[in-house]
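The numbers here are math on the coordinates, done by the rules we state, and not lab data. Given the structure is predicted, the values throughout are model-derived calculations rather than measurements. Note that we place each Cβ from the backbone using ideal geometry, even for glycine, and neighbour counts take in every protein chain shown.
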Amino acid sequence: MKFILNILIGTFIILSTVNASYAEDEKQTMVDVRQQAMQAMWTRLERLATLIALPGDSVTSSDGSTIIISNQNNMEPLETYSLIHAREAEQDGLEIYNLLTQVENFWPRHTSVANVKSTNAERLVWIIPEAFNRYYTDAVYASQNLNTAFKDKDAENIKRSVCMLALSCGRCHAGFRKVRFDNLRKEGRGWTGNYNACWSYKNEVTLNSTAIRE
Ligand code: HEC
């Protein structure tokens, strides 16, 4: 009887550790996937920033070289974009939308920093989840608006929508993401939503926070 009991207890211990490590993996994977999705959005947003670049701004081309936008050429921003990045801007817009929606539900409580060390999400995500979710939905709306503007080939609205999208990323990060010192160099623009060309839209959002969804 004791022997059987030992086997039972042994099996239970083995099973529960397997189970625990599985759960451990799952949490870590969720954090990894959401960070990778965010990185992928950032790459695309940085490319889209070509569309709102002011003369003198620099953009990084598909081969990694830095190009300074000049005010000499009379090229359309979409044309400049295609030449520099060798792809279509519209594609980036669609992919950002897909990435955003893919990791929309990747923020359960057991993936907070108390449980997964590698996350840079602030505890605030789980303290005021309604605000986090509202900001997330803002970004989804902003990205849908951008895709509509591309479809309509509406140059002015494309510019506004790129800015609103960038601002929606930045606004969430300001409250819900820890800035680590080693990230600071890269923090300057898209992650904080601070593209030079977007200041007027930033004012608009400050005065009316729902403008970001319009
Ligand atoms: C509603 C909030 C929210 C929105 C909207 C949002 N992010 Fe994030 N982002 C976060 C949080 C929180 C983290 C930290 C995630 C973690 O470490 O687990 C993060 C992390 C990142 C990172 C760092 C990823 C890494 O490797 O650690 C980048 C880059 C990023 N976001 C880019 C973007 C871009 C670009 C957009 C807009 C298209 C965007 N984010 C929209 C909340 C948001």
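Worth pointing out:
- Model label sites at Met75 and Asn6, defined 7 Å from Cα along the beta-carbon direction, differ in position by 7.8 nm.
- Restraint check, Lys178/Lys202; Lys153/Lys178; Lys27/Lys178; Lys153/Lys202, Cα-Cα greater than 27 Å: Lys153/Lys178
- Segment 133-143 - phi-based ³J(HN,Hα) in whole Hz, Karplus 6.51/-1.76/1.60, Gly and Pro as x: 5, 5, 4, 5, 5, 3, 5, 5, 4, 4, 6
- Between helix 155-176 and the chain there is an angle of about 40 degrees, using the helix long axis and the longest principal axis of the Cα atoms.
- Over the chain: helical MRE at 222 nm, DSSP H runs n ≥ 4 each giving -39500 (n - 2.57), nearest 500: -21000 deg cm²/dmol
- Built amide H within the under 5 Å cut-off of Arg177, gap 5+: Glu122
- For Leu83 and Asp154, the difference between the fully extended length at 0.36 nm per residue and the C-alpha to C-alpha distance is 23.6 nm.
- Kirkwood-type radius of the chain, with distances r between different C-alpha atoms, in Å: 19.2 Å
- Relative contact order of segment 2-213, defined on C-alpha pairs under 8 angstrom at six or more residues apart (%): 20 percent
- Selection from Asn71, Leu99, Ala121 lying farthest towards where the dipole of segment 2-213 points positive, charges on Cβ: Ala121
- Cβ crowding within 10 Å ranks Asp154, Asp57 as Asp154, Asp57, fewest other Cβ atoms first.
- Compared with the alpha-carbon gap, the fully stretched path from Asn105 to Thr43 is longer by 20.2 nm at 0.36 nm per residue.
- Using a simple spin-label model with pseudo-atoms 7 Å out from Cα toward Cβ, Ser209 and Leu94 lie 3.4 nm apart.
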